[in-house]
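> Structure incoming, see below.
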Amino acid sequence: MSDNSLQGTSVFLVDDHPAVTEGLTILLSRYGIVVCGQAGSREKALQALATVVPDLVLVDLSLGSDNGLDLIADLKSAGMKTLVYTMHDDAWHIRSALAAGANGYVTKREITDTLPDAIGAILAGQSFLSPGAAEALAAHEPADEKHIVWERLSAREREIFQRAGQGLSTVDIADELQIAVSTVETNIARIISKLGLSGTKEMRRYAIQHLRNIKPSP
């Protein structure tokens, strides 16, 4: 890639570590890329991006109490392109980010070498996986995913996931757990996001098919 091929590209940064965004800003400026804004949380990012329309949004998956996957899904709905840059280099995070709508995935340990190529590829309408991310997907054993998925769910999400796999409706789950229907719906939305699924129907099918093969941790 030529040094000036990205000249004038606008990028919005979403990371809750100021030192990281500062370093990224310096790195991107070497290629003529302009950082048009930054935020450290999902809420602040959505507020800023309601008025600023960058060419690309760089999103970290760990945003304090927020889940970067949720933000990626929000931005996809808004028609924005996203590139994940994160310390997570496991297949579950990579697949979940792509399922949520990310256009590319780069690990932070590779970002200096691959970031310009990733941005260029995405702006050209392509998807991009850094070498480390591609290797993680290639080496991933599907059988391990069942255990990884279970570890990603909170105690409450596990309860709801189990009951969804047993065929209970949202109302039935709420009655059995003695919680509000809205609480069940909120947790189902989180499960869908964490598992990188397309919606409630797919989540229920997934639970039915895989629940009996997932061994909970003690």
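The values are calculated or read from the model by the stated rules, or taken from the named source; none is laboratory data. Keep in mind the model is a prediction, meaning the values are calculated, not measured. Note that we place each Cβ from the backbone using ideal geometry, even for glycine, and neighbour counts take in every protein chain shown.
Here's the yes/no breakdown for (1) surrounded by 17 or more Cβ atoms within 10 Å (Cβ to Cβ); (2) modelled with pLDDT under 90; (3) small (G, A, S):
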{"position": "A139", "(1), (2), (3)": "no, yes, yes"}
{"position": "A143", "(1), (2), (3)": "no, yes, yes"}
{"position": "L153", "(1), (2), (3)": "yes, yes, no"}
{"position": "E159", "(1), (2), (3)": "yes, yes, no"}
{"position": "D175", "(1), (2), (3)": "no, no, no"}
{"position": "L195", "(1), (2), (3)": "yes, yes, no"}
{"position": "T200", "(1), (2), (3)": "no, yes, no"}
{"position": "Y206", "(1), (2), (3)": "yes, yes, no"}
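This table checks each residue for (1) over 21 Å from L153 (Cα atoms); (2) in contact (Cβ under 8 Å) with a residue 12 or more places away in the chain; (3) surrounded by fewer than 18 Cβ atoms within 10 Å (Cβ to Cβ); (4) in contact with an Asp or Glu (Cβ under 8 Å, 6 or more places away or on another chain).
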| residue | (1), (2), (3), (4) |
| --- | --- |
| S29 | yes, no, yes, no |
| A50 | yes, no, yes, no |
| L75 | yes, yes, no, no |
| A78 | yes, yes, yes, no |
| D90 | no, yes, yes, no |
| Y105 | yes, yes, no, no |
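> Okay, moving on. Just to check your reading of the model, which residue among D55, D16 is acidic (D, E), farther than 21 Å from L197 by Cβ and free of Cβ contacts under 8 Å to residues at least 60 places away in the same chain? Steps first, answer last, please.
Working: D55 fails: free of Cβ contacts under 8 Å to residues at least 60 places away in the same chain.
Just one listed residue meets the conditions, D16.
> Please enumerate the residues belonging to the stretch 118-137 that are at pLDDT below 90 and either of a type in the set (A, V, I, L, M) or not assigned by TED's automatic domain parsing to the domain that holds D90 (or both).
A133, A134, A136, L137
> Consider only pairs whose beta carbons are under 7 Å apart and that are at least six residues apart or on different chains; among these, list those whose first residue lies in the stretch 34-47 and is in the same structural domain as G64 (by TED's automatic domain parsing) and under 15 Å from D66 (Cα atoms) and whose second residue is assigned to a strand (DSSP E or B) and of a type outside the set (A, V, I, L, M, F, W, C).
Matching pairs, first to second residue: S41/D66; R42/D66.
> List the number of the failed condition for Q7; all other conditions in (1) closer than 17 Å to I72 by Cβ; (2) outside any helix (DSSP H, G or I) hold.
(1)
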